[in-house]
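The values are calculated or read from the model by the stated rules, or taken from the named source; none is laboratory data. All figures in this text were calculated on a predicted structure; none of them were measured in a lab. Methodologically, a virtual Cβ is constructed for each residue, glycine included, from the backbone with ideal geometry; neighbour enumeration extends over all protein chains shown. What goes into the accessible areas is simple: the full protein's heavy atoms, side chains included, and nothing from ligands, DNA or RNA. Shrake-Rupley method; radii C 1.70, N 1.55, O 1.52, S 1.80 Å.
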Amino acid sequence: MRGSTGIGSLRRPSRSEDRPTGSIVVKSALWLVAALTVTLWAAPAWAQSEDAASDGLEVSLHKTWSPGDVTMVDGLANVPLVILAASTTDTYRFDLAVFDGSGTVLYEDAWDRKLSERAATYVREGSSLLEPFQFGVMPGNYEVRVRAYPTDAPDMGQSRRLPVEAFAERPMVSDLFLASRVEPLGEGAGGGGWSVARGGFGIAASARTRVLPEQPELYYYIELYADTAQGWAASIGAEVTKPDGRSVYKTPGTQVEVLPGGVPFTGKLSLSGLPAGEYMLSMSIDGANGTVQQTAPFEMLERSALLATGDDSYEARHFSSLSDEELEDTYGGIVVLLEQHEREAFESLPADAKRRYLTDFFGARNPDPFAGTNAFLDEYVRRVLTARSRAGGSVGLTKRQPWRTDMGRILIRAGEPEDRIINHFPADEGNPLNRGANSFAGEPPYEIWSYRRSDGYVYLFVAEDRFETWRMVYSTDPNANTLPDWTERVGGSALRDLRDNYGIQPRFRTGLDNTNLQ
């Protein structure tokens, strides 16, 4: 097992809204944690109810401190989709209630979650949806109750009750968060999909901490507090132990300056080579006022725990036969068919987890599961090959994957257009609308694609450079990114084709009118 180079990074909080005031504040959010990805969302489970089973409703609570002696509690609940096995609506209700020490309800809320068609395919043991929530309380003792149940079968639900002891005064440190990923908010390609946002950082976590041997990084997040007048110096060390306390790995202490007001402290450990089993991560913080130790459990999974599904379907055999390179080369393009949160989760998966994901994804869309083949999968592969041959694109001498080009994304998602206007050598060199020519002698080359059989959307592509990079500048598709100055990037020929063939009359931003199109 290898430790990280240095155990953490120290940054100031960048958002003042991370320091709320008031006696009770509640926020909620949702995203899918499917069977094949649930192990990627690592999170502390120190506050889980004792009777929570691996296939039951799991809940974890994590406390941080805010000025005014407000204890902020971030809750994470894994709602098992098996509760919907007898449901006909694919909808569950999530109830949240916070009680004070006398049993008085301080806050309660409930919301319904309707599973998407794809999420509904995971209604089986081991799959869950993540329900994050947040509330703030003043010093005292409280209890949190969460319950999830099918809307048409309330008796089939599961519930958990967990105690919360709020900080009586400003502590030295917060609770310890464990996660599959921690990044500064707004930075990096992976920004988004956070279950918790604290101290200017996004934390990808769930109610149970699991680490894959194929992706053995364990991230952590903790906050250190100081009064507004002066800071203090701290030494922070991390140690991995077995449940019986035996040490497995220990890092040397890192010296940290805790600035007035406090700072978040983040980092990661590489657990490569750590045998499967249950472990604890302990963070020891030494300061002028003594030593504080925060711990959180996690589980290191076996490789077989992810792959041993017993699936002998056509899809499972197909994806198990591909090398990692073949898998990425063809099936990386599935991202154009996914929602943003699904896309981010898929791209972070190791190769074997992607095989499991793709097996479920294409298996759920097989029009004839007993045919010994999959027409939907075959059509996807055909579209990728078409996109690669016609829209691979390049940046300099580097060939791009087709799904990272505008033309390639449309070809994979919608297939071949019914109508296709191609004009790679438009004339009209003197047309006053010729503003996108750049290095071309005349108007820029363009193609117009139309899909009349399905949604009727029209897409206009323009080649704006000599590397044959085709850019989509306009579309009637509301989900496409039409450029605000698109009429200034094309010539009169493209505008006339849009008008004459599809009845599309642009509004000119430059004050030019239709007489320029005659």
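Among the residues of segment 180-187, not a single one is in a loop (DSSP other than H, G, I, E, B) and within 20 Å of Gly136 (Cα to Cα).
Which one is nearest to Ala166 (Cα to Cα) among residues in segment 81-98 that are open to solvent by 10 Å² or more (accessible area, probe 1.4 Å) and part of a strand (DSSP E or B)? Within segment 81-98, the match that is nearest to Ala166 (Cα to Cα) is Asp95. Just so you know, in segment 281-299 the residues that are at pLDDT below 90 and assigned to a strand (DSSP E or B) include one that is surrounded by the fewest Cβ atoms within 10 Å (Cβ to Cβ), and it is Gly290. Quick one: would you say Lys63 is charged (D, E, K, R), out of contact with any Phe, Trp or Tyr (no Cβ under 6 Å at 6 or more places or on another chain), modelled with pLDDT of 50 or more and closer than 30 Å to Gly253 by Cβ? So Lys63 fits the description; yes.
Number of residues in segment 489-518 that are modelled with pLDDT under 85 and either loosely packed, with under 14 Cβ neighbours inside 10 Å or within 39 Å of the chain's Cα centre (by Cα) (or both): the value is 11.
One line per residue, one yes/no per condition, for (1) buried (at least 19 other Cβ atoms within 10 Å of the Cβ); (2) in a helix (DSSP H, G or I); (3) modelled with pLDDT under 80:
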site	(1), (2), (3)
Lys354	yes, yes, no
Trp403	yes, yes, no
Ile410	yes, yes, no
Pro417	yes, no, no
Gly456	no, no, no
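So, of the residues in segment 372-399 that are modelled with pLDDT under 85 and in contact with a helix residue (DSSP H, G or I) (Cβ under 8 Å, 6 or more places away or on another chain), which turns out to be most open to solvent (accessible area, probe 1.4 Å)? Looking at the filtered set, the residue picked out is Arg390. Determine if segment 201-219 includes at least one residue that is aromatic (Phe, Trp, Tyr) and open to solvent by 10 Å² or more (accessible area, probe 1.4 Å). The answer is yes; a qualifying residue exists.
The condition of being among the charged types (D, E, K, R), open to solvent by less than 20 Å² (accessible area, probe 1.4 Å), closer than 22 Å to Leu61 by Cβ and touching a residue at least 12 places away in the same chain (Cβ under 8 Å) holds for only one of Glu223, Glu278, that being Glu223.
Can you confirm whether Ile422 is open to solvent by 40 Å² or more (accessible area, probe 1.4 Å), of a type in the set (A, V, I, L, M, F, W, C), under 22 Å from Gly503 (Cα atoms) and at pLDDT 80 or above? Against the criterion (open to solvent by 40 Å² or more (accessible area, probe 1.4 Å), of a type in the set (A, V, I, L, M, F, W, C), under 22 Å from Gly503 (Cα atoms) and at pLDDT 80 or above), Ile422 qualifies.
Does Thr251 count as modelled with pLDDT of 90 or more and buried (at least 18 other Cβ atoms within 10 Å of the Cβ)? No, not satisfied. Evaluate the following for Arg145: is it open to solvent by 10 Å² or more (accessible area, probe 1.4 Å), among the charged types (D, E, K, R) and touching a residue at least 60 places away in the same chain (Cβ under 8 Å)? When the stated conditions are applied, Arg145 does not pass them. Residue count for segment 226-248 under the criterion of being closer than 28 Å to Gly199 by Cα, in contact (Cβ under 8 Å) with a residue 60 or more places away in the chain and surrounded by fewer than 18 Cβ atoms within 10 Å (Cβ to Cβ): the result is 1. Within segment 149-167, one or more residues are open to solvent by less than 20 Å² (accessible area, probe 1.4 Å), within 30 Å of Phe346 (Cα to Cα) and either in contact with a strand residue (DSSP E or B) (Cβ under 6 Å, 6 or more places away or on another chain) or assigned to a strand (DSSP E or B) (or both). Take the conditions (1) open to solvent by 50 Å² or more (accessible area, probe 1.4 Å); (2) outside any loop (DSSP other than H, G, I, E, B); Gly136 misses just one of them, which is (1). Please indicate, with yes or no, whether at least one residue in segment 220-235 is aromatic (Phe, Trp, Tyr) and within 29 Å of the chain's Cα centre (by Cα). Scanning segment 220-235, I find at least one residue that is aromatic (Phe, Trp, Tyr) and within 29 Å of the chain's Cα centre (by Cα), so the answer is yes.
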